[in-house]
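The values are calculated or read from the model by the stated rules, or taken from the named source; none is laboratory data. Quick caveat, the model's predicted, so the values are computed rather than measured. Neighbour counts are summed over all protein chains in view; Cβ atoms, including those assigned to glycine, are modelled from backbone coordinates with ideal geometry.
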Amino acid sequence: MYQSLEVFYEKLDQCPLRDRQFNFFELVYVISGIGDHTVNGNKITYTAGDLFLITPNDCHEFNLDGVCEFMVVRFGENYVREYQWKSIDHIECLLYYASHLSGSVLVNNDDKKMVSLLIQNLQQAIKYESVYSEDLTRHLVNAIIVIAARNIAAIKPQSISSNADIRILQILDYIQENIRQPKLLKVETIAKEFGLSPTYLGAYFRKHCNESIQQYISSYKIRLIEHRLRFSDRRVHEIADEFGFADESHINKFFKRHKGKSLKVYKLTINN
């Protein structure tokens, strides 16, 4: 990429590149046509209205069944990091979570309609360049990124059972919203919040998510810490304070237990 943000329209009858792997994010919106999209070996059919988010180092390709139209948005890690997102302070983590998904990131029907309108406006913005076109394009792209992020946040973990009820989804939302407040993440506190006994909550969560509630909390917290290290300039003691650890030693022990390396070693690894 030569710019922090690139937006373009494509009308194709075959994918020009196979097994593509980039070092930036790529949003691909299907305007028209059908075919299948393969990401990291996972294949899924697509149709008009689907929105795919390919993360850095993902390997992907499109197989087109006839002529298809796409709107493609490319942006680097710095673009996401530098924009002042008001309420999504871990948006990079949400976007990177898409690497675990192979289908469209749009799961909410109202959001699908909203993105469709945004894409139409985006087409017009890049087609007829005039004063403030670049600012307009960025605002439209940012709106699409936010909608993608909140849909990704709503997607159930891969391990969750297919017959999960609404309460388990509410519990997952509660954990994500309070991930920085250890006192609110105690099993007894969560159980009381949802009118359950601690024992029942443990069995209920494992039944629907195929892992213990503490395993889920730890893995989610680790993912956020990883992305703090990757995307922010925060020091270890600042990250420790943010997630409620007593000190640097405490967060280092927690991180090393789950990742097999210290925070310092991990940060050196991603910077090399």
Requested in this report: Give just the number: which of (1) surrounded by fewer than 16 Cβ atoms within 10 Å (Cβ to Cβ); (2) at pLDDT below 85 does ARG228 not satisfy?
Outcome: (1)
Query - Leading residue by the ranking (surrounded by the fewest Cβ atoms within 10 Å (Cβ to Cβ)) among those in segment 117-157 that are modelled with pLDDT of 85 or more and basic (Lys, Arg) - result: LYS127
Query - Residue in segment 20-39 that is modelled with the lowest pLDDT, counting only those that are surrounded by fewer than 14 Cβ atoms within 10 Å (Cβ to Cβ) and not acidic (Asp, Glu) - result: GLN21
Query raised in the report: Would you call LYS192 of a type outside the set (Ser, Thr, Tyr), within 17 Å of PHE243 (Cα to Cα) and part of a helix (DSSP H, G or I)?
Result: no
Report task. Taking only segment 234-260 into account, find how many residues are at pLDDT 90 or above and part of a loop (DSSP other than H, G, I, E, B). Result -> 6
Report summary line: Those residues of segment 109-124 which are of a type in the set (A, V, I, L, M), in contact (Cβ under 8 Å) with a residue 60 or more places away in the chain and under 12 Å from THR137 (Cα atoms) amount to ILE119, LEU122
Report summary line: Note on SER4: of the conditions (1) small (Gly, Ala, Ser); (2) buried (at least 19 other Cβ atoms within 10 Å of the Cβ); (3) over 22 Å from ASN108 (Cα atoms), unmet is (2)
Query raised in the report: When segment 41-71 is examined, which residues are found to be loosely packed, with under 14 Cβ neighbours inside 10 Å and either in a strand (DSSP E or B) or in contact (Cβ under 8 Å) with a residue 60 or more places away in the chain (or both)?
Result: ASN42, LYS43, THR45
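Could you grab me the full set of residues in segment 177-189 that are part of a helix (DSSP H, G or I) and surrounded by fewer than 14 Cβ atoms within 10 Å (Cβ to Cβ)?
Step one: filter segment 177-189 for residues part of a helix (DSSP H, G or I), giving 177, 182-185, 187-189.
Result: GLU177, LYS183, GLU188.
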Query raised in the report: Has segment 187-194 got at least one residue that is in contact (Cβ under 8 Å) with a residue 60 or more places away in the chain, within 25 Å of ASN151 (Cβ to Cβ) and in contact with a Lys or Arg (Cβ under 9 Å, 6 or more places away or on another chain)?
Result: no
Query - Filter result for GLY244 (at positive phi, loosely packed, with under 13 Cβ neighbours inside 10 Å and either touching a Pro at 6+ places or on another chain (Cβ under 7 Å) or not assigned by TED's automatic domain parsing to the domain that holds LEU95 (or both)) - result: no
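Take ILE160 and tell me if it is among the β-branched types (Val, Ile, Thr), over 19 Å from PHE75 (Cβ atoms), in a helix (DSSP H, G or I) and at pLDDT below 90.
no
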Query raised in the report: Tally time: how many residues in segment 1-19 are modelled with pLDDT under 85 and of a type outside the set (Ser, Thr, Tyr)?
Result: 8
Report summary line: Note on SER197: of the conditions (1) under 23 Å from the mean Cα position of the chain (by Cα); (2) over 30 Å from GLU82 (Cβ atoms); (3) of a type outside the set (Phe, Trp, Tyr), unmet is (1)
